[in-house]
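Everything below concerns the one structure shown next.
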Amino acid sequence: MPAAHGPVCESWWSARLLQGIADGDHGRLSRGRTYYRQGAVREITVDADHIQVTAFVQGSRGRPYRVSVAYLAIDDTRWSHILDDLAQDPDAADDLLAGELPEVTEEVFARHGLALFPDSADDIDIHCTCPDRGGYPCKHGAAVMFAWAALLDENPLLLFAWLGRTEEEVLDALESTAPGGPAGELAVEVTPLAESSADFWTGGDLTPLARPRPFDPLSHWEGSTLGVASGLAPMYARLRRGPGGTEGA
């Protein structure tokens, strides 16, 4: 990642993530923040299948260290209940579909006995290939946590991927189980006929229609085919007289 300036994070969810590691080794957290700001974190990825974030951090040696960060594994049943609850909350679903993380998400996870964010650095499994075992997390692991928080600033739905559900899976679940049905469907309220039968034959004011323009078929066809009017005129005359030979009313 390029060198960073300004606050490490700006969103409430990224701040909440970093709050969870604040009880880690303070010296290493400080050096990790410096590493992050200097752009030492490279190739950070989120792996929903392995439920972890991985990255490479350039340390003092030539070869960068590999860091993996894992937190929470959630079974399919709980995931289903969590996404159902979020989908049933219109405001939460709208925020998520718009790429925001509503604060109620924490409450939904807590309702199912889970913490959306770690409460301590000890809740996170940070593994680094560096030889530093003097404190936890090491400065490379801390640098990845700051980079991870910054990445979440841009796309909070990656938090779900860290926990085992890709962004696409989350959005599909929200759209398919929302009260209004899949996105794009139009919900129409229909009044049962039994409730409106008394008004069925009651009409409102009709919009007056324009009077039809006079139309003379013989003149119309004479304009396109000469001789039609003279040939059909006797037949029209007989039709007007009717069977009795008198002009119709």
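Please report Val108, Val41, Val144 as a ranked list, fewest other C-beta atoms within 10 angstrom at the top and most at the bottom.
Ordered by Cβ neighbours within 10 Å, fewest first: Val108, Val41, Val144.
How much length is gained on full extension from Ile74 to Ser120, taking 0.36 nm per residue of separation minus their Cα-Cα distance?
Going from the current span to full extension adds 14.7 nm.
Based on the mean of other beta carbon atoms within 10 Å per residue, what is the order of 83-91, 51-59, most packed first?
Taking the mean over residues of other Cβ atoms within 10 Å, the ranking is 51-59, 83-91.
Please report the net charge: other residues with Cβ closer than 15 Å to the Cβ of Asp23, K and R +1, D and E -1.
-2
Summing Lys, Arg as +1 and Asp, Glu as -1, what charge do residues with Cβ under 14 Å from the Cβ of Ser80 carry, Ser80 excluded?
Net charge in that neighbourhood comes out at -3.
What's the exposure ranking of Ser11, Ser80, going from fewest to most Cβ atoms within 10 Å?
Listed from fewest to most nearby Cβ atoms, that is Ser80, Ser11.
Where does each of Met145, Met235 land when they are ranked from fewest to most other beta-carbon atoms within 10 angstrom?
Exposure proxy ranking, most exposed first: Met235, Met145.
Computed from the coordinates by the stated procedures, all read-outs in this text should not be read as laboratory data. Keep in mind it's a predicted model, so treat the numbers as computed, not measured. Positions of Cβ are generated from backbone atoms using ideal geometry, with glycine treated the same way; all protein chains shown enter the neighbour counts.
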